[in-house]
Amino acid sequence: MNLPNKLTLFRVILIPFFVVCLYLSEATWNEGWLYGSLIIFIVASLTDLFDGKIARKYNLVTNFGKFMDPLADKLLVSAALICFVEMELLPAWFVLIIISREFIISGFRLVASDSGVVIAASMWGKVKTTFQMVMIVLLLLPWCFMIGSIDLFFVLQEFFKWGSLLLTIISLIDYLYKNKGVMLEGGM
């Protein structure tokens, strides 16, 4: 197994540790657990950055990596978002839209692969993922930065939260529009 695939597997292995730390932070009201979950999430997110760069730079792209890398990303982000519903940091409808998009695109890619078509990640999808990961980091931070009566940290959280939702919808429309021929190919 090559290094990029090991990094991808490591990201998947970190997910339960992230979730446990997050729940322990809620159960014990201990910020140490919260910062632990934050560190685990950041490390897991960085493995996403490095596994792809290493795979492309050293020509280590594998079918396993093509399958597992996006799946690992979806699992990590979905785990955080579902925890945030429980923690009342995000409404369920918000998370449902984001996770539904992931199921739709995954299904779309599956249909495309049956036709021998590979649907690469788009620029919109990459920006969406970046926004989601930054949003998760910001929601994990229990900070406050007041200027007058305005909490600028809250404003930043809201910007990335609503930006993530908007980019989720835009990237879904972009994927469906650019690849509509894949769905129409076999007839409806």
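The values are calculated or read from the model by the stated rules, or taken from the named source; none is laboratory data. None of these values were measured; they are calculated from a predicted model. In this analysis, Cβ positions are derived from the backbone assuming ideal geometry, glycine residues included, and neighbour counts consider all displayed protein chains. These accessible areas exclude ligands, DNA and RNA; they are computed on the full protein's heavy atoms, side chains included. Shrake-Rupley method; radii C 1.70, N 1.55, O 1.52, S 1.80 Å.
Annotations
- Residue pairs meeting the criteria (Cβ under 6 Å; at least 6 apart or on separate chains; first aliphatic (A, V, I, L, M), in the range 166-179; second open to solvent by less than 20 Å² (accessible area, probe 1.4 Å)): Leu167/Lys128; Leu172/Arg101
- Condition check for Leu89: open to solvent by less than 20 Å² (accessible area, probe 1.4 Å), over 15 Å from Leu14 (Cα atoms) and at pLDDT 90 or above: no
- Of all residues in the range 28-56 being modelled with pLDDT under 90 and among the hydrophobic types (A, V, I, L, M, F, W, C), the one that is surrounded by the fewest Cβ atoms within 10 Å (Cβ to Cβ): Trp29
- Residue in the range 17-38 that is charged (D, E, K, R), closer than 20 Å to Asp73 by Cα and assigned to a helix (DSSP H, G or I) present: no
- The set of residues from the range 111-158 being of a type in the set (Phe, Trp, Tyr), open to solvent by 70 Å² or more (accessible area, probe 1.4 Å) and over 16 Å from the mean Cα position of the chain (by Cα) comprises Trp143, Phe145, Phe154.
- Subset tally (residues that are under 19 Å from Leu140 (Cα atoms) and either charged (D, E, K, R) or touching a residue at least 60 places away in the same chain (Cβ under 8 Å) (or both)) for the range 52-107: 13
- Long-range neighbours under 7 Å by Cβ, at least six apart or interchain, first residue more than 12 Å from Ser171 (Cβ to Cβ) within the range 115-127, second open to solvent by 50 Å² or more (accessible area, probe 1.4 Å) and not basic (Lys, Arg): Ser115/Glu185
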